[in-house]
């Protein structure tokens, strides 16, 4: 049993944190929405050899890929890091996202000339043949509608679902960090708001939910990289947890910040808005949970007891 | 539990090691052989349940599995934290067939090893390791719950020793205990954490009276214990006089993770589809969604426990880490209890068929889960611990 990522992965994450901070951190999102390109980001990630990682074939690379996604999330990086790392260029695609129904893909138009594919999440993928303009909305600024080509078998859905959870993990980590700082700095009734027990307890509960999700992302990474029998269920369970904890963390962060938290002058607003495409695409909470239950009819939710198959669990109390 | 190694170094790994897996299987085999499926804990109205637990403890002791964490010289085998985790999980999942023994095994024994005299070690450790003695914990008082250091039960000097007067409350297993690990105030002039002394007191000593408290959690869990002029001597003192508080803090830290509540939740949730049979198909979709959410919560609670254990192994654990685990684990226990009660529908208020094991187990779990956020440090205390750690200025 080991619950921490490799030192290699953590070191790459630290280097990437530093590099992205030097480029401007969350200001990169502000710049991207103002129309600036992401050439600097492309250059830095290339210098760090991020695109040489092959998480689908190397578990060690998989841990580094997850750590890189978390670092990207910490600054709400307007760049398809998770999507690129989930794809294998040797299979003809540079980036892959999961989408169903009318295919809307986050960050698909940010980097020119990438070969994109869309996975349906259950074993098929199709190439993106054309990309529409970015929606430019508050919650989907860099989301575009895409047209798809012919479908073919696909084995990348698990990473394509899991790595965005790691990006979201990074976003939540920053949201909690800025919330803690705000609680210590903001004074009301002649004292820091951190001195109010109701707010302390809310921070404790929210942090507990965050830590639980953080551990689950590592468990799911292990499950996917080592191809555990329940991996297909595990990624959906991880996404369910991600969507729930994102609601919890951002609700707490906004409440603690008060009105200033909605203003684009503070990073929280950007983190909150840029988390939305990850949380709504390809499926929201109820849809994801429904798919999880459906998948559990033939893939186990493994635990300490039983096979976790809906309707056919072989474990009963009679042993 | 084993460690994965490949080109990138030591990777995350969440499966049992070969040793842990073998231990888990050995424990399950022992439970299958010695504990009937109808067993729902030692503390029932049926005295045979307690007898069964006592017998099972002796079996575990013979197999070397009652005190696995103890050093070999005291009857253990220095089990790793991960092996201890397997024991905690398997015992709790199967309704704690060690009965009241886990208290003696998990922290009374280790406290005796650390602070006891040679005479105390010789008198007690062998019997705890053999599973033949029950201890109770004389901690809480009517005016000292979460604020334990406010305890008032007094040991007043009398001749060569002391006489103890006062009252303890919520004392589990006091009716059946042979010994009490008793906290008393020996110095009223000192700061409240500094005048506390621990006495190891046999429960048959004159002046001790136990009054059971009827409660929803069931018999034997809650008692009052009255002390009236109970004589004790220097030989009964654990550690130094007036230095009991630090022993208590250290003793309870032996058990950072505590009860593996998630393990029973895991077992009951997984049993639900088969146990409900045809009824499963008729459950509302919303309830099935709560069920799968509960499975996720249980997995998260287990992973938070593993996080603490990993931090213990590397010597970097902080009380705030334990607090986060306890907040998650106790709330999950109650959330699971609610889901399971909904699943058994009308049988939630009582199974008319004694053979309806699942409904009985769900009933037992729900009643016990009510205390999850109160016992062993209330959830509010855990929140205080965690938030103060988070908000301290660096």
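Looking at segment A:12-19, is at least one residue within 14 Å of another protein chain (Cβ to nearest Cβ) and modelled with pLDDT of 95 or more? Quick ask: steps written out before the conclusion?
To start, the set of residues in segment A:12-19 that are within 14 Å of another protein chain (Cβ to nearest Cβ) comprises A:12-13.
Checking which are modelled with pLDDT of 95 or more leaves us with A:12-13.
Looking through segment A:12-19, at least one residue is within 14 Å of another protein chain (Cβ to nearest Cβ) and modelled with pLDDT of 95 or more.
So, residue B:339, is that one away from every other protein chain (no Cβ under 11 Å), in contact (Cβ under 8 Å) with a residue 40 or more places away in the chain and not in a helix (DSSP H, G or I) or not?
Numbers: away from every other protein chain (no Cβ under 11 Å): yes; in contact (Cβ under 8 Å) with a residue 40 or more places away in the chain: yes; not in a helix (DSSP H, G or I): no.
Considered against the rule, which asks whether it is away from every other protein chain (no Cβ under 11 Å), in contact (Cβ under 8 Å) with a residue 40 or more places away in the chain and not in a helix (DSSP H, G or I), residue B:339 comes out as no.
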Practice item. Considering every residue within segment A:33-50, establish whether at least one is within 14 Å of another protein chain (Cβ to nearest Cβ) and touching a strand residue (DSSP E or B) at 6+ places or on another chain (Cβ under 6 Å). Key: no
Point to revise | Condition check for residue B:293: within 12 Å of another protein chain (Cβ to nearest Cβ), surrounded by fewer than 24 Cβ atoms within 10 Å (Cβ to Cβ) and either over 16 Å from residue B:275 (Cβ atoms) or over 20 Å from the mean Cα position of the chain (by Cα) (or both) | key: yes
Review point. In segment B:343-394, how many are closer than 28 Å to residue B:325 by Cβ, more than 14 Å from chain A (Cβ to nearest Cβ) and part of a helix (DSSP H, G or I)?
Key: 4
Review point. Restricting attention to segment A:281-301, does a residue exist that is assigned to a helix (DSSP H, G or I), free of Cβ contacts under 8 Å to residues at least 24 places away in the same chain, within 29 Å of residue A:29 (Cβ to Cβ) and at the interface with chain B (Cβ under 9 Å from one of its Cβ atoms)?
Key: yes
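A quick yes/no check of all residues on (1) in contact (Cβ under 8 Å) with a residue 12 or more places away in the chain; (2) closer than 28 Å to residue B:125 by Cα; (3) surrounded by fewer than 22 Cβ atoms within 10 Å (Cβ to Cβ); (4) touching a helix residue (DSSP H, G or I) at 6+ places or on another chain (Cβ under 7 Å):
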{"residue": "B:178", "(1), (2), (3), (4)": "yes, yes, yes, no"}
{"residue": "B:182", "(1), (2), (3), (4)": "yes, yes, no, no"}
{"residue": "B:202", "(1), (2), (3), (4)": "yes, yes, yes, no"}
{"residue": "B:227", "(1), (2), (3), (4)": "yes, yes, no, no"}
{"residue": "B:246", "(1), (2), (3), (4)": "no, yes, yes, no"}
Revision key, fill the gap. Residue count, segment B:319-334, condition over 8 Å from residue B:301 (Cβ atoms), touching a residue at least 60 places away in the same chain (Cβ under 8 Å) and over 15 Å from the mean Cα position of the chain (by Cα), comes to 4
Exercise for review: Those residues that are assigned to a loop (DSSP other than H, G, I, E, B) and over 12 Å from residue A:157 (Cα atoms), I need them from segment A:101-131; list them, please.
Suggested key: A:101, A:102, A:103, A:107, A:108, A:109, A:110, A:111, A:112, A:113, A:114, A:115
Review point. Within segment B:14-72, how many residues turn out to be assigned to a helix (DSSP H, G or I), within 11 Å of chain A (Cβ to nearest Cβ) and touching a residue at least 12 places away in the same chain (Cβ under 8 Å)?
Key: 4
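Yes or no, residue by residue, for (1) modelled with pLDDT of 95 or more; (2) more than 22 Å from residue A:284 (Cβ to Cβ); (3) buried (at least 17 other Cβ atoms within 10 Å of the Cβ):
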| position | (1), (2), (3) |
| --- | --- |
| A:107 | yes, no, yes |
| A:122 | no, no, no |
| A:128 | yes, yes, yes |
| A:158 | yes, no, yes |
| A:185 | yes, yes, no |
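Please work out if residue B:307 is more than 7 Å from every other protein chain (Cβ to nearest Cβ) and in contact (Cβ under 8 Å) with a residue 12 or more places away in the chain.
Taking the combined requirement at face value, the residue does not satisfy it.
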Check your understanding: Out of the residues in segment A:73-88 that are outside any helix (DSSP H, G or I) and either surrounded by 24 or more Cβ atoms within 10 Å (Cβ to Cβ) or at pLDDT 95 or above (or both), which is farthest from the chain's Cα centre (by Cα)?
Key -> A:87
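The values are calculated or read from the model by the stated rules, or taken from the named source; none is laboratory data. Treat the numbers as computed from the prediction; the structure is a model and nothing was measured. Cβ: placed from backbone, ideal geometry, glycine included. Neighbour counts: every protein chain shown.
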